[in-house]
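Inspection log for the structure reproduced underneath, given as structure tokens.
The values are calculated or read from the model by the stated rules, or taken from the named source; none is laboratory data. Because the structure is a prediction, the values reported are computed rather than measured. Positions of Cβ are generated from backbone atoms using ideal geometry, with glycine treated the same way; all protein chains shown enter the neighbour counts. The area values use the complete protein model at the heavy-atom level, side chains included, leaving out ligands, DNA and RNA. Shrake-Rupley method; radii C 1.70, N 1.55, O 1.52, S 1.80 Å.
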Amino acid sequence: MTTALAVLLTTTTDGGDKDTATGTSPTPSAATDPSATVAGTARPRSLPPGTHEEAGGFAWAPPAGWRRDVKTGAEVHYTSPDGGQELVAKSSLARGNLMDSWSASEQSAHQGQGYAKIRLAETTFRGYPAVVWEYTFTLRGTPWHARLLGFDADGKSYQINTWYQPAVEAQAVRTYEKVKDSFTLL
């Protein structure tokens, strides 16, 4: 399924912002405090429970028990046990205006079987400029619903996407929202 979706999905993401904690000078109280840092060092990142750090400069918490498939170091897919939903997170260098890029991809998507745009709109995600693209399509006779979120941060682009079969929509949307909430730039 992923290969056929390549026509419909944009490739826009890679990387993340880095944790740049500066630390403090050691003092007698800091030396006895295990959470204190020494000048020139940084505390290890504190990620939400269940979060998995990815090579693409982000972390997220995909559902337990889902099949993991790494396409590249910066693109990771998770598929539900029943195959009715797929989650994708990826990153790349930002290239131009995200809405322009996704609008061009949307024009190409019209060639896909049963493609129907629900929305393609600019928005923000945690204060970053973002685009949402929602559509339906058919793949090998099976209907699918896609929800894509792309955003740019510090010269990099990220995507958090899902596609699912309509029969599992309520649970799929809850799962997608939970995964988006867990998405953390590194």
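Before anything else, pin down the relative contact order of the stretch 120-171: Cα pairs under 8 Å, at least 6 apart, normalised by residue count, whole percent.
On the way: 89 pairs, mean separation 14.1, N = 52.
For the stretch 120-171, the relative contact order is 27 percent.
Enter the Cα centre distance for the pair the stretch 105-131 and the stretch 44-102, rounded to the nearest angstrom. Cα centroid to Cα centroid, the span is 18 Å.
Solvent-accessible area per residue for the stretch 115-186 at a 1.4 Å probe radius, Å²?
Working: 3190 Å² over 72 residues.
Value returned for the stretch 115-186: 44 Å² of accessible area per residue.
In this structure, the amide hydrogen of T123, modeled 1.01 Å from its nitrogen in the peptide plane, lies closer than 5 angstrom to those of A130, V131, V132, counting only residues at least 5 positions away or on a different chain.
Only protein atoms count toward the accessible area here, which uses a 1.4 Å probe; on the stretch 58-130, the carbon and sulfur part of that area reaches 48 percent.
Just subtract the alpha-carbon distance of K117 and A167 from 0.36 nm times their residue separation and send over the number in nm, one decimal.
Numbers: separation 50, 0.36 × 50 = 18.00 nm, distance 1.90 nm.
Extra length from K117 to A167 when fully extended: 16.1 nm.
Coupling constants for the stretch 139-153 follow from the phi torsions by the Karplus curve (6.51 cos²θ - 1.76 cosθ + 1.60, θ = phi - 60°), and in residue order they are 10, 6, x, 9, x, 9, 10, 10, 10, 10, 10, x, 8, 10, 8 Hz; glycine and proline get x. Residues of the stretch 55-71 with an amide N closer than 13 Å to a point placed 7 Å from the Cα of T124 along the Cα-to-Cβ direction: none. Between T136 and L47, the contour length at 0.36 nm per residue exceeds the alpha carbon distance by 28.7 nm.
Want the number for W66 to Q107: 0.36 nm per residue separation, take away the alpha-carbon distance, what's left? Walk me through the numbers before you get to the answer.
Details: separation 41, 0.36 × 41 = 14.76 nm, distance 3.20 nm.
Gain on stretching W66 to Q107: 11.6 nm.
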